[in-house]
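Derivation of every value follows stated rules applied to the coordinates shown; laboratory data play no part. Everything numeric in this text was worked out from a predicted model, so none of it was measured. No Cβ is skipped: glycine too gets one built from the backbone with ideal geometry, and neighbour counts run over all protein chains shown.
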Amino acid sequence: MKQVLDEVLAAIDWRALGDVYFHEAGEAELRERQPRIVELGAELGSALGRRLPRGGRSLWVGAGIGELPALLAEVLEHGREVVATNLRGAECDILNRALAAAGQSSSLVYRAVDAREVAAAGAFDHVGCVSLFTDPETWPLLSDVAYGRIAPVQLDVERFAAEREDARGLARALFDALARPGWITTSAEEAPWFLEQATLVGASYDADDELVETAIVGDPVGFLQILEA
Ligand SMILES: C[S@@+](CC[C@H](N)C(=O)[O-])C[C@H]1O[C@@H](n2cnc3c(N)ncnc32)[C@H](O)[C@@H]1O
């Protein structure tokens with residue numbers, strides 16, 4: 001697994017990926033984070049391996065370079081299928097080219113599609129999203145509010161409500177695609193989107209104590225187990 005990951009990382013066009021993530025000096029910024037991406041990705045991969053059953057399927061939403069080690073671990077070490085989605089087409093292309101160069105196209109492909117399309121088509125026993133509902137490109141106001149970057153007097157309430165309904169729709173689609181019992185891996189900020197859905201359908205849940213740091217956005221992620229109603 002380590003050798004495969006090293007080969008994929010070596011094949012990444014870091015300059016192009018840096019431009020996707022950062023406005024300036026992106027390549028240097030990402031290369032500096034590479035050891036953390038590997039180390040924290042391995043921790044996340046192990047944490048998933050301790051929870052998720054072999055032979056299951058994960059739907060990852062907004063997955064990027066930060067999740068790459070964990071996604072490969074799921075497939076190669078834990079015998080699972082992974083569907084990874086991300087609306088940034090350029091990032092998907094860069095990661096897919098690196099996976100292909102390392103001979104891993106059959107293990108993992110990043111799909112530049114709205115996760116709602118994938119969720120509608122099949123059942124998953126795990127949904128993963130790291131810093132999805134706080135994405136400033138997709139929902140600028142939700143992101144500002146979640147990170148405390150906007151003063152109440154500045155909030156455009158109607159735009160905020162529209163963003164919240166859109167995000168709620170995504171949370172509902174992901175929750176509906178989850179088999180029960182099933183796992184959700186997400187950050188503390190994002191858990192309420194799913195807990196609202198659980199409450200609406202009367203499903204119970206367990207929130208695990210363990211948290212794992214993440215390399216890019218920095219929001220630690222935890223694990224929710226959704227149980228039967
Ligand atoms: C802030 S980034 C986080 C990226 C990565 N998870 C990380 O932590 O570094 C949010 C990502 O969610 C993706 N995204 C937003 N809405 C999505 C949707 N409906 N389906 C798939 N990806 C989505 C965006 O394209 C973006 O790549």
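Go ahead and collect, in residue order, the members of segment 1-36 whose backbone nitrogen is under 13 Å from a label point 7 Å along the Cα-Cβ direction of R54.
Output list for this probe position: empty.
Could you sort the peptides 101-111, 66-76 by per-residue average Cβ neighbour count (10 Å cutoff), highest mean leading?
Going by the mean number of other Cβ atoms within 10 Å, highest first, we get 66-76, 101-111.
Sum -39500 (n - 2.57) across every DSSP H segment of at least 4 residues in the chain, then divide by the residue count to get the 222 nm mean residue ellipticity, nearest 500.
Counting only the DSSP helices, I get -15000 deg cm²/dmol.
Which order do R149, R33 fall in if you start with the one that has the fewest other Cβ atoms within 10 Å?
Lowest count first: R149, R33.
Kindly put F22, F194 in sequence by how many other C-beta atoms sit within 10 Å of each C-beta, fewest to most.
If I rank by nearby Cβ atoms, fewest first, I get F22, F194.
Please report the Cα spread of the chain along all three principal axes, rounded to whole Å, starting with the longest.
For the chain, the Cα extents along the three principal axes come out at 45, 41, 32 Å.
How do C92, C129 rank when sorted from fewest to most other Cβ atoms within 10 Å of their own Cβ?
C92, C129
With r defined as the distance between the Cβ atoms of A151 and T199 and R0 fixed at 35 Å, what FRET efficiency is calculated, to the nearest 0.05?
0.70
May I ask for the distance between the Cα centers of segment 39-97 and segment 165-202, given as a whole number of Å?
That distance is 19 Å.
Starting from the Cα gyration tensor of segment 1-44, take the square roots of the eigenvalues, sort them a ≥ b ≥ c, and report rounded, prolate or oblate (rounded when a/c is under 1.5, otherwise prolate if a/b is larger than b/c, else oblate).
oblate
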